[in-house]
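Working notes for the structure below.
Nothing in this text is a laboratory measurement; each read-out follows from the coordinates by a stated rule. Note that the structure is a prediction, hence the values are computed from the model and not measured.
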């Protein structure tokens, strides 16, 4: 949807998937997930490192072979952090756009202007 702008995507079976900065922490125990997610975010530009450190050897091998699904990854992370986690898949590419640079800001401005027309 946004030619010329790179987004970080994790290539999973049924994907690829881009993240967004929308989270719902539904219980007090969710703090564990927030801490885990901060460590993932630090490595987000290197999906293979995220997979290896978050999911272990078996899931990493599945990832490298292109057979790791989003559901399998979520189950593994749920087990690792001791919480049930899930993803909400959205059909809106713009949900994955962060406005953390001038080029992203310009992209969003163009998108909004075109949408108004």
Along the three principal axes, how long is the chain when you take its alpha carbons, biggest first, rounded to the nearest angstrom? 47, 36, 23
Given the -39500 (n - 2.57) contribution per DSSP H run of 4+ residues, what per-residue ellipticity at 222 nm results for the chain, rounded to the nearest 500 deg cm²/dmol? -16000 deg cm²/dmol
Give the relative contact order (percent, whole number) for the chain; include only Cα pairs under 8 Å separated by 6+ residues. 28 percent
Where does region 5-69 land on the Kirkwood hydrodynamic radius, alpha-carbon pairs, in angstrom? 12.9 Å
Per-selection Rg to Rh, region 68-117 - Cα, Kirkwood hydrodynamic radius: 1.22
